[in-house]
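Following: one structure in structure tokens, then a few remarks.
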Amino acid sequence: MQNTDCTNIREQYTEYQENTLPPEIRAKVDTHLASCSSCNEIFRELNRVIRTLHNLPSLQASAHFTSSLLTRIETDKQLGTWQKIYHSSYTKVAGYAIAAGLIVAIGINILIDPISPLQPNGRSDFAGEQSSQIQTEESLAVVTDSASNVSADTLTQQNIPINPQNQSMQLVSGKK
């Protein structure tokens, strides 16, 4: 755990290195560095990093770098808001994210509610849904509507065969 003296000494590193500290403060830093191995190690490591950075080769920009940069800045200033949005890398990332989200949503939908052909027995894979093969002879049901003056809904079944050759159907109203 470092104390307040160590914090103050470490804050003085740049001025100490550049030799811009007043003599009395520089003497305090020297005294502290002689007695504190932790601060001494930090100063040595920072000196090593600075030497390494100074030894890196310098980079030279091309002769037309400045003029092409200024031209690019002017071009960007003239773009409209929608053009800036369209050309930004965030738009591409957002587009990919939306596409991925749609693919995941479709995949989840297919897993939850698969679309499959009816099974040979007339049943489908949908939850609670059934379909039955049409038989040649069915019964006709008559329903009375609750909106009529009947006290309760009723459903009566009449066993009247439907002639498959005649293929006609009669609509029945619930009102009598």
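The values are calculated or read from the model by the stated rules, or taken from the named source; none is laboratory data. In this text the structure is predicted, and so the values were computed from the model without any measurement. As a convention, Cβ positions derive from the backbone with ideal geometry for all residues, glycine included, and neighbour counts pool all protein chains shown.
One table, with the values for the structure above:
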{"read-out": "Test: residue in the range 56-63 that is hydroxyl-bearing (Ser, Thr, Tyr), farther than 29 Å from residue 11 by Cα and either assigned by TED's automatic domain parsing to the domain that holds residue 30 or over 32 Å from the mean Cα position of the chain (by Cα) (or both)", "value": "yes"}
{"read-out": "Cβ pairs under 7 Å, 6+ apart, first in the range 1-26 and under 16 Å from residue 47 (Cα atoms) and in the same structural domain as residue 37 (by TED's automatic domain parsing), second β-branched (Val, Ile, Thr) and assigned to a helix (DSSP H, G or I)", "value": "9/29; 10/42; 12/25; 12/29; 16/29"}
{"read-out": "Flag if residue 91 is of a type in the set (S, T, N, Q), under 22 Å from the mean Cα position of the chain (by Cα) and surrounded by 10 or more Cβ atoms within 10 Å (Cβ to Cβ)", "value": "yes"}
